[in-house]
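Below is one structure, written out as C-alpha cells; comments come after it.
The values are calculated or read from the model by the stated rules, or taken from the named source; none is laboratory data. The structure presented is a predicted model; accordingly, all values stated were derived computationally and were not measured. When we count neighbours, we look across all protein chains shown, and the Cβ atoms used for this are built from the backbone with ideal geometry, even at glycine.
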Amino acid sequence: MPRKEKVGQVVSDAMNKTVVVAVENRVPHPKYKKIVVYTRKFKAHDEENRCKVGDRVRILESPPISKTKRWVVEDILNEVITP
C-alpha cells in the first residue's frame, strides 16, 4: 500500500527539526453546494531545518517519529524568499 501524500503550507518552524504544515481540503457542502474549506495541521519531520514559514511543501506519511509527528517533509515546492 503506498504511503499517503499531502501538499500544504508551513505555518510554524519554531521547533527543531519539526514544521507544522496546514493542509487545505476544499469540498462542496452536501446540501448547499458552496465550497467549504477545511484546514488540518500536521507536524512533519524536517531533518535539515530547511523549511521556513510560508513555504509550500509535500509531506509523506511515515511511522511515528514522536508522540504527534507522523509525517516527513519530502520536498519544498515553492520557497518564500525573505529579503
Next on the checklist: Cβ contacts < 8 Å: first residue closer than 12 Å to residue 3 by Cα, restricted to the stretch 50-73; second residue among the polar types (S, T, N, Q) and surrounded by fewer than 16 Cβ atoms within 10 Å (Cβ to Cβ), any location; separation 6+ or different chain. Result?
Outcome noted: 70/62; 71/62; 72/62
Checklist entry - For the stretch 48-62, which residues satisfy the criterion of being closer than 8 Å to residue 73 by Cβ and among the acidic types (Asp, Glu)? => result none
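Here's a check for you: in the stretch 27-83, which residue that is polar (S, T, N, Q) and not in a strand (DSSP E or B) is surrounded by the most Cβ atoms within 10 Å (Cβ to Cβ)? Before the answer, list the steps.
Kept after step one, since they are polar (S, T, N, Q), are these residues of the stretch 27-83: 39, 49, 62, 66, 68, 78, 82.
Narrowing the set further to residues that are not in a strand (DSSP E or B) leaves 49, 62, 66, 68, 82.
Working: 49: 12, 62: 15, 66: 10, 68: 10, 82: 7.
Applying the filter and picking the extreme gives 62.
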Item to check | Filter pass, residue 23 being in a strand (DSSP E or B) and modelled with pLDDT of 95 or more | outcome: yes
Checklist entry - Among the residues of the stretch 1-20, which ones are among the hydrophobic types (A, V, I, L, M, F, W, C), part of a strand (DSSP E or B) and surrounded by fewer than 16 Cβ atoms within 10 Å (Cβ to Cβ)? => result 7, 11
Checklist entry - Give me the pairs: first residue in the stretch 1-26 and in contact (Cβ under 8 Å) with a residue 40 or more places away in the chain, second residue assigned to a strand (DSSP E or B) and polar (S, T, N, Q), beta-carbon distance under 8 Å, and six or more apart or on different chains, which are they? => result 19/12; 21/9
